[in-house]
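The block underneath contains the structure these notes are about, expressed in structure tokens.
The values are calculated or read from the model by the stated rules, or taken from the named source; none is laboratory data. Predicted, not measured: the structure shown is a model, and the values here were computed from it. FYI the Cβ positions are ideal-geometry reconstructions off the backbone, even for glycines, and counts take in every protein chain you see.
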Amino acid sequence: MAKALIIGCGGVGSVAIHKCCQNSEVFEEICIASRTKSKCDELKAKLEKTTKTKITTAKVDANQVDELVSLIQRVKPDIVMNLALPYQDLTIMEACLATKTHYMDTANYEPEDTAHFEYSWQWAYRDAFKKAGVTALLGSGFDPGVTSVFTAYALKHHFDEIETIDILDCNGGDHGYPFATNFNPEINIREVSAKGKYWKNGAWVETEPMEIKRVYDFPEVGVKDMYLMHHEEIESLALNVPGIKRIRFFMTFGQSYLTHLKCLENVGMTSIEPIEFQGQQIVPLQFLKAVLPDPASLGPRTKGKTNIGCIFTGRKDGKEKTYYIYNVCDHEESYKEVGSQAISYTTGVPAMIGAMMVVTGKWQKPGVYNMEEFDPDPFMAELSKWGLPWVECHAPKLVD
Ligand code: NDP
């Protein structure tokens, strides 16, 4: 039925590729393209014996619009799935515009030399995509992504008005290393060492990194420390949920992770300012990435589960209401199925489903859109089918 060009073959890309290959009825053909072609070839060799999906591979530098345009013209995909890094969002969007091809990604644009992310750069393409008659679907991972769809679902089926949203991203997994990051270390460390931010009564409230702490007792995972962080979906939800009063995002961090991070920050290893080292310029954070365990190598070692979901409060039929929806994903089961731990799994599955929504026409609308702007029902129906079942219940117990 459809052909996808998948750019990026890392942790998330690899899961999405496995899932496209499980869904051959929709993804009849995929081309895996990345900076390091050998990784694409390895995955192709592993998967082509198990799937009806036809797989090809290519080498591309996704920072170069010209290279991307000629690849898209050669492959002629129905959609480009951007599963590279947030730095490549704009070049890939440019190439999709030039070739009038649908686009999707899982993380919003971030310039490589400034640790700052916001949607304005990608939202600036709204008119151009509308004019070109193609859809750009932004943030089709878990958070953003599934959490955005959970919000649209809560608004459609459970509330007349949502007043507050707390997004809780809990990882109860243990990889056994004193310090490692579950996805790209550079992106992860930039994210967690930034100031916290949340939305309250129409304005941003800024906090110091890790200033606001909560302790929750999560279904199937247990008691975990969480810290308020800025996260990209707050920005789009603040615009797209009418009358919303407060949106916050919390993520779990263990004490060992925080102590190591503080030490690395204190000695300058998390800096993105280039320094001179033995006659060449190096970026300390990129060097740190090179010495840390590759997130892909955590898969076979990680035990435990993730629990990611949203607590909504608001009103339904004149009464106050609280509603909690979450997914639990098991690291070991994810690894058994697709060779990656649950963080990549919970991102790669929604990436495939988002692309499926676009190519099947369920979510096709010329322009640039965030996930909560589409009908949540068809997406929610696919989530359980492709390995991310969801549970609706009362909020988890707030311990502290
Ligand atoms: P990885 O670092 O594991 O993979 C990134 C891939 O992109 C690699 O294959 C890499 O190639 C490729 N790549 C990097 N730069 C280029 C380039 N210039 N041209 C072509 N290919 C390139 O990252 P993850 O898989 O962990 O993350 C992928 C994306 O998912 C990121 O944007 C991340 O922010 C996002 N994400 C979203 C989440 C969500 O819930 N919404 C959660 C987790 C991640 P090479 O092998 O050569 O390095």
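Quick check, is GLU220 over 22 Å from the mean Cα position of the chain (by Cα), assigned by TED's automatic domain parsing to the domain that holds THR322 and touching a residue at least 24 places away in the same chain (Cβ under 8 Å)?
Values: over 22 Å from the mean Cα position of the chain (by Cα): yes; assigned by TED's automatic domain parsing to the domain that holds THR322: yes; touching a residue at least 24 places away in the same chain (Cβ under 8 Å): yes.
Spelling it out, GLU220 is indeed over 22 Å from the mean Cα position of the chain (by Cα), assigned by TED's automatic domain parsing to the domain that holds THR322 and touching a residue at least 24 places away in the same chain (Cβ under 8 Å).
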Tell me which of these ARG315 doesn't satisfy, since it passes every other one: (1) buried (at least 17 other Cβ atoms within 10 Å of the Cβ); (2) assigned by TED's automatic domain parsing to the domain that holds MET251.
(1)
Give, as residue ranges, the strands (runs of 3 or more DSSP E) completely inside the stretch 181-242 that count at least 3 residues that are at pLDDT 90 or above and buried (at least 17 other Cβ atoms within 10 Å of the Cβ).
196-200, 213-218, 222-229
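Quick one: count up the residues across the stretch 333-351 that are among the hydroxyl-bearing types (Ser, Thr, Tyr), under 25 Å from TYR103 (Cα atoms) and either more than 10 Å from the ligand (Cβ to nearest atom) or modelled with pLDDT under 95 (or both). Walk me through it before giving the result.
Kept after step one, since they are among the hydroxyl-bearing types (Ser, Thr, Tyr), are these residues of the stretch 333-351: 334-335, 340, 344-347.
Subsequent filtering for residues that are under 25 Å from TYR103 (Cα atoms) retains 340, 344-347.
When the remaining residues are screened for being either more than 10 Å from the ligand (Cβ to nearest atom) or modelled with pLDDT under 95 (or both), the result is 340, 344-345.
Within the stretch 333-351, residues that are among the hydroxyl-bearing types (Ser, Thr, Tyr), under 25 Å from TYR103 (Cα atoms) and either more than 10 Å from the ligand (Cβ to nearest atom) or modelled with pLDDT under 95 (or both) number 3.
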Do we have LEU138 as modelled with pLDDT of 95 or more, away from the ligand (no atom under 11 Å from the Cβ) and under 16 Å from the mean Cα position of the chain (by Cα) here?
no
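I'd like the full set of residues that are outside any loop (DSSP other than H, G, I, E, B) and farther than 30 Å from ASP375 by Cβ, limited to the stretch 142-180. Quick ask: steps written out before the conclusion?
We begin by selecting, within the stretch 142-180, every residue outside any loop (DSSP other than H, G, I, E, B); these are 145-157, 161-171, 174.
Across the stretch 142-180, the qualifying residue is only ASP174.
I'd like to verify a number: residues in the stretch 352-390 that are more than 19 Å from the chain's Cα centre (by Cα) and closer than 22 Å to ILE234 by Cα, how many?
Taking the stretch 352-390 and keeping what is more than 19 Å from the chain's Cα centre (by Cα), we get 359-362, 364-367, 375, 377-378, 381, 385.
Still in the list and also closer than 22 Å to ILE234 by Cα: 367, 375, 377.
Final tally of qualifying residues: 3.
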Answer yes or no: is there a residue in the stretch 158-165 that is of a type in the set (Phe, Trp, Tyr) and more than 13 Å from the ligand (Cβ to nearest atom).
yes
Being in contact with a helix residue (DSSP H, G or I) (Cβ under 8 Å, 6 or more places away or on another chain) and of a type in the set (Lys, Arg) is true for just one of LYS305, LYS316. Which residue is that?
LYS305
Restricting the stretch 244-284 to residues that are of a type in the set (D, E, K, R) and free of Cβ contacts under 8 Å to residues at least 60 places away in the same chain, which is farthest from GLU206 (Cα to Cα)?
GLU276
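Each row is one residue, and each column tells you yes or no for (1) crowded, with 18+ Cβ neighbours inside 10 Å; (2) away from the ligand (no atom under 12 Å from the Cβ); (3) closer than 16 Å to ALA84 by Cβ.
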| position | (1), (2), (3) |
| --- | --- |
| ALA2 | yes, yes, no |
| CYS9 | yes, no, yes |
| GLY13 | yes, no, yes |
| LYS19 | yes, yes, no |
| SER24 | no, yes, no |
| GLU29 | yes, yes, no |
| CYS40 | yes, no, yes |
| LYS44 | yes, yes, no |
Condition first: part of a helix (DSSP H, G or I) and either within 25 Å of LEU138 (Cα to Cα) or over 23 Å from the mean Cα position of the chain (by Cα) (or both). Now tell me which residues in the stretch 243-272 satisfy that.
GLN255, SER256, THR259, HIS260, LYS262, CYS263, LEU264, GLU265, ASN266
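Would you pick out the residues in the stretch 41-64 that are among the β-branched types (Val, Ile, Thr) and part of a strand (DSSP E or B)?
The first filter runs over the stretch 41-64 and keeps only residues among the β-branched types (Val, Ile, Thr), leaving 50-51, 53, 55-57, 60.
Result: ILE55, THR56, THR57.
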Of the residues GLU333, GLU320, GLU276, only one is surrounded by fewer than 21 Cβ atoms within 10 Å (Cβ to Cβ) and closer than 30 Å to ILE247 by Cβ; which?
GLU320
I need the full set of residues from the stretch 97-141 which are surrounded by fewer than 14 Cβ atoms within 10 Å (Cβ to Cβ) and part of a helix (DSSP H, G or I), in order please.
SER120, ASP127, LYS131
